[in-house]
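What follows is one structure encoded as structure tokens, with my remarks underneath.
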Amino acid sequence: MPKFGKKSKERLNECHPDLQKLFNEVIKDTDCTILCGHRTEEEQDKAFKDKVSRLKWPESKHNTKPSMAIDVAPYPLDWQDTKKFYEFGKLVIKKAKELGINIRWGGDWDMDGDYKDQKFNDLPHFELVTKV
């Protein structure tokens, strides 16, 4: 059975308990790696500058403590294998629904199930959706 390495555990522990619960269940079904939990101001500014994020500090859900967003990729990591990212995203969404956790995925920002209408794909990104 897959399990998180030390770095992934550290990054996961920076996240909201619902994200921890979700990805501790996901890892039981498929191997994955936690790329990012909380982002500091410096890290967020770099992500924005590098066009990895469209948001400046402190507007990203990665900027809260605990982090309301997480970046996770299927393992082993292959950025060219987008099919694997889409399969992984679908698995995470399914698991979140089973657990009653409301999330948004960076492969389907408007949450309409249509993955082809995205203007900005952020396939490793998952964030909690809070009801107002």
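Any read-out appearing in this document is the output of simple, stated calculations on the displayed coordinates, not a laboratory observation. A quick note: this is a predicted structure, and the numbers were derived from the prediction, not measured. Here the Cβ positions follow ideal geometry from the backbone for every residue, glycine too, while neighbour counts run over all protein chains shown.
Sort LEU77, LEU128 so that the residue with the fewest other Cβ atoms within 10 Å of its own Cβ comes first and the one with the most comes last. Please report the intermediate quantities before stating the final value.
Numbers: LEU77 13, LEU128 21.
Ascending Cβ contact count within 10 Å gives the list LEU77, LEU128.
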Residues whose modelled amide H sits under 5 Å from the amide H of VAL72, counting only those 5 or more places away in sequence or on another chain, are LEU35, HIS125, PHE126
Checked against a 24 Å limit on the C-alpha separation, the offending pairs among LYS56/LYS84; LYS21/LYS51; LYS46/LYS119; LYS21/LYS97; LYS9/LYS84; LYS9/LYS90 are LYS56/LYS84; LYS21/LYS51
Projected onto their principal axes, the Cα atoms of the chain stretch, largest extent first, over whole-Å spans of 36, 35, 35
Exposure proxy check on MET111, MET1, MET68: fewest-to-most Cβ neighbours within 10 Å is MET1, MET111, MET68
In order over region 26-31: 3J(HN,Hα) from phi, Karplus 6.51/-1.76/1.60, θ = phi - 60°, whole Hz, x for each Gly or Pro, gives 4, 4, 5, 9, 7, 6
Answer in debye to the nearest 20: the dipole magnitude of region 6-128 about its Cα centre, from +1 Lys/Arg and -1 Asp/Glu charges placed on Cβ, is 180 debye
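If you average the sequence gap of Cα pairs under 8 Å that are 6 or more apart and divide by the length of the chain, what percent do you get for the contact order? Before the final figure, lay out each step's value.
Working: 201 pairs, mean separation 31.4, N = 132.
Computed value for the chain: 24 percent relative contact order.
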For region 97-105, Karplus-derived ³J(HN,Hα) couplings (6.51, -1.76, 1.60; θ = phi - 60°; whole Hz; x for glycine and proline) come out as 4, 4, 8, x, 9, 8, 10, 10, 10
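Among SER67, SER8, which comes first, second and so on when ranked by fewest other beta-carbon atoms within 10 Å?
On the way: SER67 24, SER8 19.
Listed from fewest to most nearby Cβ atoms, that is SER8, SER67.
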Sorted by chain and number, the residues with a modelled amide H under 5 Å from that of ASP122, at a separation of 5 or more or across chains, are GLY107
